[in-house]
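For reference, the structure is listed below as structure tokens.
The values are calculated or read from the model by the stated rules, or taken from the named source; none is laboratory data. From a predicted model like this one, the values you see are computed outputs, not experimental measurements. So basically every Cβ, Gly included, is an ideal-geometry build from the backbone, and we count neighbours across all protein chains shown. All accessible areas refer to the heavy atoms of the entire protein, side chains included, with ligands and DNA or RNA removed. Shrake-Rupley method; radii C 1.70, N 1.55, O 1.52, S 1.80 Å.
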Amino acid sequence: MRTTPILRRAARAVVPALAAAALALGAVPAANAAVPSPAPAPAVSAALDSDADGPIGRGEVMDRAWSWIAEQVPYSQQGCHGNQFGCYRPDCSGFVSMAWHLGSSLTTWTLWNVTADIPADDLQPGDALLKDSGGTDHVALFVRWADPGHTQPVVREEYDFGHVAEERTWGDGLRGFTPRRYNRLDDLMPYGSIRVKYDAMGGLNSVLGAPIRGERDSAAGGRFQQFKNGIILWHPDAAFAVYGDILTRFWATDAERAWGFPTMDEADGAAAPDGTRGRYQFFERAVILWSAPTGSHVVHGAIYDAFHAAGHEKAIGYPVSDESDEPGGRVQRFQNAAIHWNAATNTTSVTRS
């Protein structure tokens, strides 16, 4: 954390020689380092396929960072710590340099040159919190927010002499640290459970296509990533894809805020009495059914219970409308029936057609 406070932000562009001297203890190829047996990361995140100073995904950044935490690497401003990810100076900036797979161990002054400002609300795993003013020279990797109000960041860091690399919560907030994003970080590369799901579906060759947005927090507490033809949602420990007309209806009806997270992948529905075949997907509080002649519609609550009791689409067909008001309650129409809900008695009835 501590570095000699001579160089400051205003001097960064005009002290390349001093910067080069500060980097003399930078990374060397992993083949030249003593490689201890690594402890496993807590979860599968991503393929470790970056080159030094090249594009890198968030999953790989977090896996690399975890390796020093698992190995309990002690803080030092001398020498380098080597493992399968190379040999880097074991202080705060060396730790972040290692996690980002930089070609050498930068300093808190020179990390500004390979990063850009981002809003605090857009901090994502693998971004940095950086400060070199007011007597503090330190950088840490952002992991997640510890609280719903986004005031307490969880970070991975090499903190100070007498400490080892650790993951901890900053209970006193950002404290003047600047959120920064590494310029070569590939925000679109899937990682974690979403990466596992995406790869299992066929990756770029899947029905989802290429990613078009990085993984972000969902409105209801999980995580999601958007692809060309759909999304993958994760919560709390399972990821499922939503796409096509079912996704269109899901989005049009307030998505997970209304229906919760998917609990399964889209699947073939049963044949309706007239032979219509379609698809369905269950969410925490609803099911969305689709067929070519009827489109996609949400079935939920008491009307779903009646739909289930009546034998699903095999018995009364696919829904042809969403639930709507009628005198005294609600109604939803299917190919071969209508299901009515009476508000006064909280009961349902099925009118077959």
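Tabulated values for the structure
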| quantity | calculated |
| --- | --- |
| Carbon + sulfur, % of accessible area of segment 119-187 - ligands and nucleic acids excluded, 1.4 Å | 46 |
| Cβ-placed point charges (K, R +1; D, E -1), dipole of the chain about Cα centre in debye, nearest 20 | 380 |
| Shape category assigned to segment 102-206 from the gyration tensor of Cα positions, a/c cut at 1.5 | prolate |
| Pairwise FRET efficiency - Trp251 versus Asp49, Cβ, R0 = 35 Å, nearest 0.05 | 0.60 |
| Inter-probe distance in nm under a simple model that places probes 7 Å from Cα toward Cβ, at Asn342 and Asp237 | 4.4 |
| Hz values of 3J(HN,Hα) by residue in segment 228-235 - Karplus curve (6.51, -1.76, 1.60), Gly and Pro given as x | 4, 10, x, 9, 10, 10, 10, 3 |
| Beta bridge orientation in the chain: antiparallel %, DSSP, nearest 5 | 95 |
| Helix-only [θ]222 nm of the chain, DSSP H runs n ≥ 4, -39500 (n - 2.57) each, per residue, nearest 500 | -5500 deg cm²/dmol |
| Residues Glu71 and Lys314, FRET efficiency given R0 of 51 Å [Cβ-Cβ distance, rounded to 0.05] | 0.35 |
| Label-point separation in nm, Ala210 to His150, each point 7 Å along Cα→Cβ | 2.8 |
| In Å², nearest 10: area of Thr248 left accessible to a 1.4 Å probe | 80 |
| Mean separation of Cα contacts under 8 Å (6+ apart) over length of segment 179-292, as relative contact order % | 16 |
| 1.4 Å probe accessible area per residue over segment 88-199, in Å² | 34 |
| Surrounding net charge for Ile56, when Lys and Arg each add one and Asp and Glu each subtract one, Cβ distance under 13 Å | -4 |
| Translational D in µm²/s for segment 262-353 (Stokes-Einstein at 25 °C, 0.890 mPa s, Kirkwood Rh from C-alpha pairs) | 188 |
| Loop-resident sites, segment 174-243, for trypsin sites (Lys or Arg not before Pro), counting at most 16 other Cβ within 10 Å (DSSP) | Arg175, Arg184, Arg213, Lys228 |
| Overall form of the chain per C-alpha gyration tensor (a/c, 1.5; a/b vs b/c) | prolate |
| Cα shape, segment 189-270, gyration tensor, a/c 1.5 rule | rounded |
| 1.4 Å probe accessible area per residue over segment 234-306, in Å² | 43 |
| Solvent exposure of segment 314-353 as accessible area per residue, Å², 1.4 Å probe | 55 |
| Where no second cysteine Cβ lies under 4.7 Å, the cysteines concerned in the chain | Cys92 |
